[in-house]
Structures are given as structure tokens and as C-alpha cells.
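Have a look at the structure below before the remarks.
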Amino acid sequence: MDVLLVEDDNAIAEPLIRGLERQGFVVHRESTGLGGVAAFHSRPSVDIVLLDLGLPDIDGYEVCRRVRSDSTVPIIILTARGDEIDRVLGLELGADDYMVKPFGFRELIARINAVTRRSNAPGTTKEDIAKLTGDVTLDSRTRKVTVHDEDIQLTRKEFDLLALLASDAGATQTRETILEQVWDAHWYGPTKTLDVHVASLRKKLGDPTIIETVRGVGFRLRSNADNDSAS
């Protein structure tokens, strides 16, 4: 697996690279944000990006935004910034996970495995193309989503979340089921992650009611049958 590490602190980067290489990863390191963006676009083989926020030129948020603008490659933010607002912002910009320094190396490997496990997973719908409420179309083969025939850029987790809800539109998916299916069966990250991704999906799909919150249980995708009943 090819890893792009964007980290300017040698004291962190060098032992991390040695550890990853012992685990069989091929690691390419950049110490600036612009260097990380350029390296990513010049290395199509990159499987995952490990990204620091405190970089000497542009910060990691901007690197995340630029990478995510045209790629669904998994991104894990590695940073000393542990405030909730920093976590939420990173996830809203498309990061798949967020780890606060110092962190355990074995935990990092587990997180890498978790976010990459579904990188090539098929969509959860039975048919390649699903017509959803609100003139939303989901293509599980190409992993594309359109709204009113216009392409919508979703992160990998956003697509997987929408695909799971679309697999049984109108049915409620519990928070536990969503975290297990979209994130990992042994997910131990903040549950706020799910709420952030739901909010982002609602915004990108242009309809705050398309994903309904079932209080104390989970979420459901509004179905076409719901629309017919309302009309």
C-alpha cells in the first residue's frame, strides 16, 4: 500500500516512516502542504494520505480540501489539535478519520486498515443505478451521484452512507448499524463523525429533509412513497 505522509516534524515523521515500512507500506513523505498536494497529483498510486495540520505554508485543511476536490482517496488527519471544532472541520472537509497526537502506532495501523477496507467495496444497492427522492440518482458502479442531472462531489464515506440508506429507503438504520457498515465493525472514533457526514450530505444534496433523524435510533432516507403520500 502506498502512503503519502505530509508532516513537517522530523521527530514525528522519521520513526513513523520506519514503523510503516516495517509493516510493508511504501511511504512517500512531504514536509509542506503545497508539496503534499503536488506529490499526490503526481503519484496516482497513492492509497492513503496521512496529513498533519500545522504545516509551514498552507495548512492541512487546505491540503485536505484540494485533494478531496477531485479524489476520494482516504485521508487521516494526524495533529496535535484536539478540540472538537478542529475535528468537525477536518471531517467536513472530507477527511475519513482524525487522530490526535500523541497516538499509538498500532491504533494508527488499525485506523488505516479501517478506512481503506472499503476503498474498493461495491455499492450496497442491488442495482447499479438507483433513482432516489428529490431527483437524486446514485450509481453504485461508478460511485457517482447526481441531483437534477448535475454531478455532486461526495467523499467516500458520504457516498457509502447514502448508499446504505438508499439500500432500503424509508427504513430506519440505527446509528450502530451505520457506524459498523460505513466505518468499521469495531469503530471507536467519535460518534459526532456520523452527524457531521449526515449534515454534509443534506447540504450537498440540496435538501435538509432528505435524510430524516429518528431520535434515539438513527437515520432514514425519505422514500418516493413518502413523497406520494405527502402529495
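Read-outs throughout are calculated quantities, based only on the coordinates presented, and are distinct from any laboratory measurement. Nothing here was measured: the structure is a model prediction, and the numbers come from that model. Cβ: placed from backbone, ideal geometry, glycine included. Neighbour counts: every protein chain shown.
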Considering only DSSP beta bridges with both partners in the chain, what is the antiparallel share in %, to the nearest 5? 55
Size of charge dipole - the chain - debye, nearest 20, with Cβ of Lys, Arg +1 and Asp, Glu -1, no other charges: 420
FRET efficiency (residue 110, residue 151; Cβ distance; R0 35 Å; to 0.05) is 0.55
Percentage of interatomic Cα-Cα distances in the chain larger than 33 Å: 19
The stretch 129-230: relative contact order as a whole-number percent, Cα under 8 Å and 6+ apart: 29
When the Debye formula is applied to the Cα atoms of the stretch 2-116, each taken as the same point scatterer, what base-10 log of I(q)/I(0) results at q = 0.14, 0.19, 0.20, 0.23 Å⁻¹? -0.48, -0.96, -1.08, -1.52
